[in-house]
Amino acid sequence: MVEVYILNDVVNGILTYSRNIHPREAILLLKGKLDMGKRMIVVSELIIPPQATHGIGFSSFPLSPLPLDMNILGTMHSHPSGALKPSVTDYNLFYGGLMIICSYPYSGVECMRVYDAKGREMPFSVRERA
């Protein structure tokens with residue numbers, strides 16, 4: 001099994017961004033390192049996607065203006081409804097190999113879940129540094 005680590009600053013950024021965008025849905029790109037030799041993923045940065053749209057019940061971004069960056073691991077988006085499971089739309093618009101969902105009330109890691117590209121929940125832990 002691959003271990004997922006999210007840096008503490010990234011967790012705080014996800015929670016803060018989601019609270020600030022609420023009641024609209026937030027969306028961010030996840031950047032970090034994938035090390036299959038050690039079977040671990042470290043999420044170390046967040047990027048606001050160029051031309052991102054934040055709406056009630058949806059968020060999106062066009063793929064064409066994204067930077068060519070092999071360190072983009074996937075996306076994070078919020079669920080203002082409080083749901084922590086991916087929707088059908090989430091599966092259909094999956095980008096990268098990792099998806100984090102952050103749900104209302106955005107109070108801590110208990111409001112976050114990590115999923116792989118097949119929609120399977122992945123355990124994660126928070127680290128101070130990579």
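Of note:
- Spacing of the modelled spin labels on residue 53 and residue 81, each 7 Å from Cα toward Cβ, amounts to 1.9 nm.
- Total formal charge among the other residues, if their Cβ is under 9 angstrom from that of residue 7, Lys/Arg +1 and Asp/Glu -1: -1
- Dipole of the chain [Lys/Arg +1, Asp/Glu -1 at C-beta], most positive-end residue of 108, 21, 56: 108
- Per-residue Karplus couplings for the stretch 44-52, computed as 6.51 cos²θ - 1.76 cosθ + 1.60 with θ equal to phi - 60°, are listed in order as 10, 8, 10, 10, 7, x, x, 6, 5 Hz, Gly and Pro entered as x.
- The stretch 48-126 and the stretch 1-17 have Cα centres separated by 12 Å.
- Solvent exposure ordering (accessible area, 1.4 Å, most first) of 19, 113, 129: 129, 19, 113
- With DNA, RNA and ligands ignored, accessible area of residue 56 (1.4 Å probe; Å², nearest 10): 120 Å²
- The stretch 54-111 - share of DSSP beta bridges that are antiparallel (%, nearest 5): 25 percent
- Computed 3J(HN,Hα) for the stretch 53-62, one whole-Hz value per residue from the Karplus formula 6.51 cos²θ - 1.76 cosθ + 1.60 where θ = phi - 60°, is 10, 10, x, 7, x, 7, 8, 7, 7, x, glycine and proline marked x.
- Ranked by the mean number of other Cβ atoms within 10 Å of their residues, highest first, the peptides 59-65, 34-40 come out as 59-65, 34-40.
- Taking 0.36 nm per residue of sequence separation and removing the Cα-Cα distance, the residue 128/residue 110 pair yields an extension gain of 4.7 nm.
- Point-charge dipole on Cβ atoms (K/R +1, D/E -1) for the chain, about Cα centre, debye to 20: 120 debye
- The string of couplings for the stretch 85-90 from the Karplus curve (6.51, -1.76, 1.60, θ = phi - 60°) is 9, x, 8, 4, 4, 4 Hz, one whole number per residue in order, with x for Gly and Pro.
- Cβ-Cβ distance of residue 63 and residue 121, R₀ of 25 Å, FRET efficiency by 1/(1 + (r/R0)^6): the value works out to about 0.45.
- DSSP assigns beta bridges within the chain; of those with both partners inside it, close to 60 percent run antiparallel.
The values are calculated or read from the model by the stated rules, or taken from the named source; none is laboratory data. Predicted model only: the values in this text are computed from it and were never measured. With ideal geometry, Cβ positions are generated from the backbone for all residues, glycine too; neighbour counts draw on all protein chains shown. With ligands, DNA and RNA removed, areas are computed over all heavy atoms of the protein, side chains included. Shrake-Rupley method; radii C 1.70, N 1.55, O 1.52, S 1.80 Å.
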